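Report on the structure given below.
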Ligand code: AHR
């Protein structure tokens, strides 16, 4: 009798939906919305109970969300960390509770690599390198660059900045004349660009934005200043959202390097494998493409985000 009750409990446990807590950064960009949608729709498809927490751009909100996931004893925690540092104490709490943590999209700096199981996302350094190479070729290694940075302290801002600087260092004629954060937001990109145009005027030849939303915001500022983005100022960014590819077709943007946000399926595959006791890859990177005038038209129809 006792044995059959245990078996029944095991069957019930096996039939229980997975409970996953997802601490998202916020809703700062079109990329982020696509990422959230991918995580939510894939959870629904698989019958996974997703507890979604919007961090609203604040690390303390994400930390609070993780603590509540630990208290609810979820099966796994997915974290898209807004910044790179300051996670060890809360991740230690998750580890002590035996809850695996999967980092998605952004990585962290930690003294203890055992605090998370794996990372799933893009190689931000590679994206910045691709953008720098494209710029160097497009302008023949000559020009003054304005850089619109993402959220200070975030992995994509740090890596895209470092990679781009390394990439253009090979071309002494390319110079970053100013660099400021627009926080990955469209309004931020517009505001910073307005200030840059006032300060540097026609000395600006190129804009390198750490994401499409800031680049699209900057195009509005450039147009309001009576200039043509994409022609008077070369515009390069990262993400590859549909609107950016359309802007390339319209001649207002010149290049965007893809950063694929649709990794809901990969994340839940990983969690399901962990639950079956299987090994998972420590770092799984998406393969990112580059879009410019040579391929934007053929890519736009199939773009999901
Ligand atoms: O971490 C990925 C970055 O965050 C994307 O490039 C940006 O659009 C987002 O907000």
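Among residues of the stretch 201-212 that are under 28 Å from residue 123 (Cα atoms) and touching a residue at least 12 places away in the same chain (Cβ under 8 Å), those with a beta-carbon under 6 Å from a residue that is away from the ligand (no atom under 16 Å from the Cβ) and part of a strand (DSSP E or B) at least six positions away or on a different chain give the pairs 205/143; 205/144; 206/143; 206/145; 206/234; 207/146; 207/233; 208/145. Meeting the requirement of 3 or more residues that are more than 21 Å from residue 37 (Cα to Cα), no strands (runs of 3 or more DSSP E) wholly within the stretch 48-118 can be named. Residue count for the stretch 63-95, restricted to those that are without any contact (Cβ under 8 Å) to a residue 60 or more places away in the chain and more than 25 Å from residue 273 (Cβ to Cβ): 8.
Between 270, 294, the distinction of being away from the ligand (no atom under 16 Å from the Cβ) and assigned to a loop (DSSP other than H, G, I, E, B) belongs to 294 only. Return the pair list, or none, for Cβ contacts closer than 6 Å from residues in the stretch 225-250 that are over 24 Å from residue 301 (Cα atoms) to residues that are more than 16 Å from the ligand (Cβ to nearest atom) and part of a loop (DSSP other than H, G, I, E, B), at least 6 apart or on different chains. Hits for this filter: 233/204; 234/254.
Every residue, every condition in (1) over 30 Å from residue 49 (Cβ atoms); (2) surrounded by fewer than 16 Cβ atoms within 10 Å (Cβ to Cβ), yes or no:
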position: 233; (1), (2): yes, no
position: 250; (1), (2): yes, yes
position: 256; (1), (2): yes, no
position: 261; (1), (2): no, no
position: 270; (1), (2): no, no
position: 273; (1), (2): no, yes
position: 281; (1), (2): no, yes
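Take the residues of the stretch 134-147 that are assigned to a helix (DSSP H, G or I) and in contact with a strand residue (DSSP E or B) (Cβ under 9 Å, 6 or more places away or on another chain): which is surrounded by the fewest Cβ atoms within 10 Å (Cβ to Cβ)? Break it down stepwise before answering.
Taking the stretch 134-147 first, the residues assigned to a helix (DSSP H, G or I) are 134-138.
Right, trim to in contact with a strand residue (DSSP E or B) (Cβ under 9 Å, 6 or more places away or on another chain) and you get 134-136, 138.
Numbers: 134: 20, 135: 25, 136: 18, 138: 15.
Among those residues, the one meeting the criterion is 138.
Considering only the stretch 195-240, state which residues are closer than 15 Å to residue 178 by Cβ, within 16 Å of the ligand (Cβ to nearest atom) and not in a helix (DSSP H, G or I).
Here is the first cut: in the stretch 195-240, the ones closer than 15 Å to residue 178 by Cβ are 195-210, 214, 218, 221-222, 233.
If we keep only those that are within 16 Å of the ligand (Cβ to nearest atom) too, we end up with 207-210, 214, 218.
Of everything in the stretch 195-240, those that are closer than 15 Å to residue 178 by Cβ, within 16 Å of the ligand (Cβ to nearest atom) and not in a helix (DSSP H, G or I) turn out to be 207, 208, 209, 210.
Values in this text are rule-based calculations from the coordinates and carry no lab data. It should be emphasised that the depicted structure is a prediction, and the values quoted were computed from it without experimental measurement. Note that we place each Cβ from the backbone using ideal geometry, even for glycine, and neighbour counts take in every protein chain shown.
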